[in-house]
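Reviewing the structure listed below.
The values are calculated or read from the model by the stated rules, or taken from the named source; none is laboratory data. Computed from a predicted model, the values in this text were never measured in an experiment. Note that each Cβ is placed from the backbone with ideal geometry, even for glycine, and that neighbours are counted across all protein chains shown.
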Amino acid sequence: MSFKNIRQLPTPEWIREETGLSDELKKIKKENDKQLKDIFEGKDSRFLVIVGPCSADDEDAVCDYMNRLSKVKEQVKDTLFIVPRVYTGKPRTTGTGYKGMMHQPNPDAAPNMVEGLYAIRHLYTRVISETGMPVADEMLYPSNLPYVSDILSYIAVGARSVENQQHRLTSSGIDCPVGMKNPMSGDLSVMFNAITAAQSPHDYIYNGFEVLTSGNKLTHAIMRGSVNKHGNHLQNYHYEDLMLAADMYDEFGCENPAVIVDANHSNSMKNHLEQPRIIRDILHSMKYSQRLNSLVKGVMIESYIEGGNQKAVAGEEHIYGKSITDPCLSFEDTEKLLFEMSERISAIR
């Protein structure tokens, strides 16, 4: 065996007991969870905005960003339901590079996943405590979920993971909305197979037990664009793409039909400044079609304090609040976009 044990991890039960939410924060989370559920079940017409840094690399900068976001939230709360994107694990295409706070709580230091587990739970808790907003993260590794499932209110399964059986079965036992991204190939049937699987009950091995899940009826689609065999980005946020997703929901018979559109990644062709234009296009499609108005529940936006990105460097060269992974929209531009979205949603819903 070429595996080398580095350190023993505490059990999920131990960490959750030691760093659990206070009763007050549990009440806040419960109310946020109810509102999210109502949006996906069509009982709440507000538009969902999952927004935040590509990667949560710096606790203070992330919380600074979220506190700024919270002030905007109060001004748009009648039309938009804002969920902070606090992504602590990053999938890497080649397996190299910064893998997120879960791996490296300090991007300048060596990986330490024990410290990482404590760091991400502390970060999540700070966001909820300081802003009253729910927390979203990607389920990069299903084995990590028991360490954080008591805190997260929204979970995404990425384009590289959506075909994985463990992700699908684990999603079937999660108690909050789970978004399944279309795969890198763009084949929407893969995404809908994942949604179907996650909405169904399963008996499988999880966290050291044989478990039986009940199925997660709030599992839904995330359209994020794709990459063809030549490496070209292909977008799937246009009217025709969204109508195709609506037709496939009918074909597959999934419950609570819902689409979230990721405005970055391949949909923006990796140009973060395209996100506002893409969102305007989506809202125009929703205004044109009542079917899409009901189907499209929200968008994802990659945004941080400073626009663009930078290399992961320490010292004076590091710019506070600027992404060290994918480029992000600046907070200033994000704020303007959120106010614009609120006006547009108010006119069509």
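Summary of values
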quantity: Any pair with Cβ under 7 angstrom, 6 or more apart, that starts in the stretch 313-332 at a residue that is over 26 Å from T93 (Cα atoms) and touching a residue at least 40 places away in the same chain (Cβ under 8 Å) and ends at one that is surrounded by 15 or more Cβ atoms within 10 Å (Cβ to Cβ) and small (G, A, S); calculated: F331/S303
quantity: Matching residues in the stretch 125-160 - criterion: being touching a strand residue (DSSP E or B) at 6+ places or on another chain (Cβ under 6 Å) and part of a helix (DSSP H, G or I); calculated: V127
quantity: Extreme residue, farthest from the chain's Cα centre (by Cα), among residues of the stretch 171-192 that are in contact (Cβ under 8 Å) with a residue 40 or more places away in the chain and assigned to a helix (DSSP H, G or I); calculated: S189
quantity: Odd one out for E18 among (1) touching a Pro at 6+ places or on another chain (Cβ under 9 Å); (2) of a type outside the set (S, T, Y); (3) surrounded by 14 or more Cβ atoms within 10 Å (Cβ to Cβ); calculated: (3)
quantity: Considering residues of the stretch 23-68 that are among the aliphatic types (A, V, I, L, M) and touching a strand residue (DSSP E or B) at 6+ places or on another chain (Cβ under 6 Å) only, the residue farthest from E255 (Cα to Cα); calculated: M66
quantity: Residue that is under 30 Å from P276 (Cβ atoms), in a helix (DSSP H, G or I) and either over 19 Å from the mean Cα position of the chain (by Cα) or not polar (S, T, N, Q) (or both), where the choices are D57, D44, D64, D78; calculated: D64
quantity: Criterion: in contact with a Cys (Cβ under 7 Å, 6 or more places away or on another chain) and of a type in the set (K, R) - qualifying residue of R68, R126; calculated: R126
quantity: Residue satisfying all of: in the stretch 15-40; among the acidic types (D, E) and more than 13 Å from D150 (Cα to Cα); farthest from the chain's Cα centre (by Cα) among these; calculated: E24
quantity: Qualifying position, being surrounded by 21 or more Cβ atoms within 10 Å (Cβ to Cβ), of a type in the set (A, V, I, L, M), in contact (Cβ under 8 Å) with a residue 24 or more places away in the chain and part of a strand (DSSP E or B), among I195, I222; calculated: I222
quantity: Test: residue in the stretch 20-27 that is touching a residue at least 24 places away in the same chain (Cβ under 8 Å), part of a helix (DSSP H, G or I), touching a helix residue (DSSP H, G or I) at 6+ places or on another chain (Cβ under 8 Å) and closer than 26 Å to I174 by Cβ; calculated: yes
quantity: Sole residue being within 24 Å of D38 (Cα to Cα), touching an Asp or Glu at 6+ places or on another chain (Cβ under 6 Å) and not hydroxyl-bearing (S, T, Y), chosen from M300, M341; calculated: M300
quantity: Residues that are basic (K, R), in a loop (DSSP other than H, G, I, E, B) and either touching a residue at least 24 places away in the same chain (Cβ under 8 Å) or within 22 Å of R16 (Cα to Cα) (or both), drawn from the stretch 84-121; calculated: K90
quantity: Condition broken by D250, with the remaining ones in (1) over 21 Å from A159 (Cα atoms); (2) outside any helix (DSSP H, G or I) satisfied; calculated: (2)
quantity: Long-range neighbours under 6 Å by Cβ, at least six apart or interchain, first residue farther than 15 Å from I82 by Cα within the stretch 122-150, second at pLDDT 95 or above and of a type in the set (G, A, S); calculated: E138/A156; E138/G158
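Residues checked against (1) surrounded by fewer than 22 Cβ atoms within 10 Å (Cβ to Cβ); (2) more than 26 Å from L234 (Cα to Cα):
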{"position": "N144", "(1), (2)": "yes, yes"}
{"position": "S149", "(1), (2)": "yes, yes"}
{"position": "V162", "(1), (2)": "no, no"}
{"position": "Q166", "(1), (2)": "yes, yes"}
{"position": "S171", "(1), (2)": "no, yes"}
{"position": "C176", "(1), (2)": "yes, yes"}
{"position": "G179", "(1), (2)": "no, no"}
{"position": "M184", "(1), (2)": "yes, no"}
